[in-house]
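Since the structure comes first, as structure tokens, the remarks are kept for the end.
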Amino acid sequence: MGLKSYIIRQFAHHIARQTQKAADNAINDQEAIFRQLIKKAKNTKFGRDHGLAEISDYASFKNQVPVIGYEEMKLYIEAIIEGESDVLWPGRPKYFAKTSGTTSGVKYIPITKESIPYHINTARNAILNYIAQTGHSIFSGNMIFLSGSPELELKAGIKTGRLSGIVNHEVPSWVKPNQIPDYKTNCIEDWEEKLDKLVDISLQSNMSLISGIPPWVQMYYELLLKKSGKSTVKELFPEFQLFIHGGVNYQPYKARLEALAGSGVDTLETYPASEGFIAYQNDKNDHGLLLNTNAGMFFEFIPADKFFDENPERLSLKDVKIETDYALVISSNAGLWAYSLGDTVRFTQLNPYKLIVSGRIKHFISAFGEHVIAKEVEEALQLVAADMGLQITEFTVAPQVTPPEGGLPYHEWLIEFEKTPDQLDIIAHKIDEEIIRQNIYYRDLIEGRILQTLKIKPLRKNSFVDYMKSLGKLGGQNKVPRLTNDRKIADALIKISRENQTPSE
């Protein structure tokens, strides 16, 4: 064992002990962070507007600081862009993480000098906890983090870019010797050109760790095998030990990625967001993600089925229960206050606090009052795919309000299969049964003959890739929503699938 590997292993065991200590002290840490945030920000513009100086406990915080989304925070972001200091947090942000918006257009999420270390250290801790658990010497080989360009622009003097690009500038010096590719290659904007270059560089490397969003990693794996002639990535890179993923639900991609990777490759899930590094898997044998309770963030939870109520119940960590879906809300040292991330989470255990990401509170179909959410469609498809041996590359669901063929409206599932199966009607029926089991509103609409059962529209291979390419959003952290309330995405996908279909398909 080399000196570097020895030192890293000792450090890994130290981090594992710290992780366990923080997990055991989660409630006390959350209460301390809450007090620190209020004290630090009471004289900011947001603090004065919301009377933070008068807040003495969580109950008074809920009374004075409403749950907000980006639209409500935008006024403060614009003040920062106009040059003001001490707006959401003392001073000015170190970075803006640029993310795709909806009605807001592009969103600029502040990252401060106090918050950025938690993004970096949490990613580090996920790897080091794995090393402490397994003893594997991950740093004996090369690492690749499939990400967006690290090139940053200036927005009112603040460095601005995608979170993955920002993080590239903060990678610790002791990790850089193992990291590929070089900066110039990472700056290539065109995903297909970049992917081709990444694969060429990887083929000359000794990969031990690969990280990225599942759909883009799948493209990376497939091109690696095509160019190398190998049957699995593990065969190509014998020291490949760990695949780290996050950003989307892994289950729809799991079977295909594991087949491409080959046996003997561990996986770890992380939950990073522009707003903060929320959780990570600290035990490869437990799929639950350890909530990052000592990382400058104070968490609140709203029961997902009450989120759209006029005054929904808000809970701190000590009051959550297992197996309940909650909308996640955070206040942080990045200057976010009772900010709704739009995600739903579900606790798998409370000692320590571990959760899974169960869906998106904003991604739902309710064209007919059914309010079907992402968790329900993903779980339904996952169960049926496992039962029938289906391999799903990607999918999305949209309402068909006025079917061109006539008849009752329905939900249309646009699915790209690895190999399109026969008996799509039977598959659709089984998925429909699962949605009915999970969602009483959908069941009532089906039984009341307001909706007919869902229909599957199979798409040719690479339809989703070509769609993202048409938007200029291929690669990086970009992904297609699982559900929409209109047919904009669905119709574009169908059009692209038809246009590029070969005569034999």
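One residue stands out among those in segment 342-387 that are outside any helix (DSSP H, G or I) and of a type in the set (D, E): the one that is most open to solvent (accessible area, probe 1.4 Å), which is D343. If only residues of segment 260-271 that are under 29 Å from H119 (Cα atoms) and in a loop (DSSP other than H, G, I, E, B) are counted, the one that is nearest to the chain's Cα centre (by Cα) is V265. Within segment 390-408, can one find any residue that is touching a residue at least 24 places away in the same chain (Cβ under 8 Å), more than 28 Å from N478 (Cα to Cα) and surrounded by 14 or more Cβ atoms within 10 Å (Cβ to Cβ)? Within segment 390-408 (the criterion being touching a residue at least 24 places away in the same chain (Cβ under 8 Å), more than 28 Å from N478 (Cα to Cα) and surrounded by 14 or more Cβ atoms within 10 Å (Cβ to Cβ)), the answer is no, since none of the residues qualifies. Would you confirm, using the coordinates I've provided, whether I450 is of a type in the set (V, I, T) and in a loop (DSSP other than H, G, I, E, B)? Yes. The set of residues from segment 273-300 being of a type in the set (S, T, N, Q) and open to solvent by 30 Å² or more (accessible area, probe 1.4 Å) comprises N282, N285, N294. Just one of (1) part of a helix (DSSP H, G or I); (2) in contact with a strand residue (DSSP E or B) (Cβ under 9 Å, 6 or more places away or on another chain) fails for L445. It is (2). Against the condition crowded, with 19+ Cβ neighbours inside 10 Å, in a helix (DSSP H, G or I) and at pLDDT 90 or above, how does V329 come out, does it pass? No, not satisfied. Restricted to segment 1-83, the set of helices (runs of 4 or more DSSP H) holding at least 3 residues that are open to solvent by 80 Å² or more (accessible area, probe 1.4 Å) and closer than 19 Å to E300 by Cβ comprises 26-41. In a residue-by-residue description of segment 22-39, the property of being over 20 Å from A123 (Cα atoms), in contact with a Lys or Arg (Cβ under 7 Å, 6 or more places away or on another chain) and of a type in the set (S, T, N, Q) applies to no position. Residues in segment 421-456 that are under 28 Å from the mean Cα position of the chain (by Cα), over 9 Å from A380 (Cβ atoms) and either surrounded by fewer than 16 Cβ atoms within 10 Å (Cβ to Cβ) or free of Cβ contacts under 8 Å to residues at least 40 places away in the same chain (or both): A428, I436, I440, Y441. Can you confirm whether P93 is at pLDDT 95 or above, open to solvent by 10 Å² or more (accessible area, probe 1.4 Å) and either assigned to a strand (DSSP E or B) or within 20 Å of E72 (Cα to Cα) (or both)? Against the criterion (at pLDDT 95 or above, open to solvent by 10 Å² or more (accessible area, probe 1.4 Å) and either assigned to a strand (DSSP E or B) or within 20 Å of E72 (Cα to Cα) (or both)), P93 qualifies. When T270, T348 are checked against the criterion of being among the hydroxyl-bearing types (S, T, Y) and within 19 Å of A123 (Cβ to Cβ), a single residue qualifies: T270. If the condition is being open to solvent by less than 50 Å² (accessible area, probe 1.4 Å) and hydrophobic (A, V, I, L, M, F, W, C), then segment 457-479 contributes L459, F464, V465, M468, L474. Report whether or not D305 is part of a loop (DSSP other than H, G, I, E, B) and open to solvent by 10 Å² or more (accessible area, probe 1.4 Å). Taking the combined requirement at face value, the residue does not satisfy it. For segment 388-418, filtered to residues that are hydrophobic (A, V, I, L, M, F, W, C) and outside any strand (DSSP E or B), the residue that is farthest from the chain's Cα centre (by Cα) is L408. Residues that are farther than 30 Å from S5 by Cβ, touching a residue at least 24 places away in the same chain (Cβ under 8 Å), open to solvent by less than 50 Å² (accessible area, probe 1.4 Å) and not charged (D, E, K, R) do not occur anywhere in segment 140-147.
For segment 120-130, check the following and say yes or no: at least one residue is within 19 Å of F11 (Cα to Cα), in contact with a Lys or Arg (Cβ under 7 Å, 6 or more places away or on another chain) and crowded, with 23+ Cβ neighbours inside 10 Å. Yes, there is a match, as at least one residue in segment 120-130 is within 19 Å of F11 (Cα to Cα), in contact with a Lys or Arg (Cβ under 7 Å, 6 or more places away or on another chain) and crowded, with 23+ Cβ neighbours inside 10 Å.
The set of residues in segment 196-247 that are of a type in the set (A, V, I, L, M) and open to solvent by less than 10 Å² (accessible area, probe 1.4 Å) comprises L198, V199, M207, L209, I210, I213, V217, L224, V233, L242. Checked against the criterion of being in contact with a His (Cβ under 9 Å, 6 or more places away or on another chain), modelled with pLDDT of 85 or more and assigned to a helix (DSSP H, G or I), segment 467-486 contains not a single residue that satisfies it.
With respect to T270, determine if the residue is closer than 24 Å to R162 by Cα and open to solvent by 10 Å² or more (accessible area, probe 1.4 Å). Considered against the rule, which asks whether it is closer than 24 Å to R162 by Cα and open to solvent by 10 Å² or more (accessible area, probe 1.4 Å), T270 comes out as yes.
The values are calculated or read from the model by the stated rules, or taken from the named source; none is laboratory data. Predicted model only: the values in this text are computed from it and were never measured. Note that we place each Cβ from the backbone using ideal geometry, even for glycine, and neighbour counts take in every protein chain shown. Heads up: the accessible areas ignore ligands, DNA and RNA and are worked out on the full protein's heavy atoms, side chains in. Shrake-Rupley method; radii C 1.70, N 1.55, O 1.52, S 1.80 Å.
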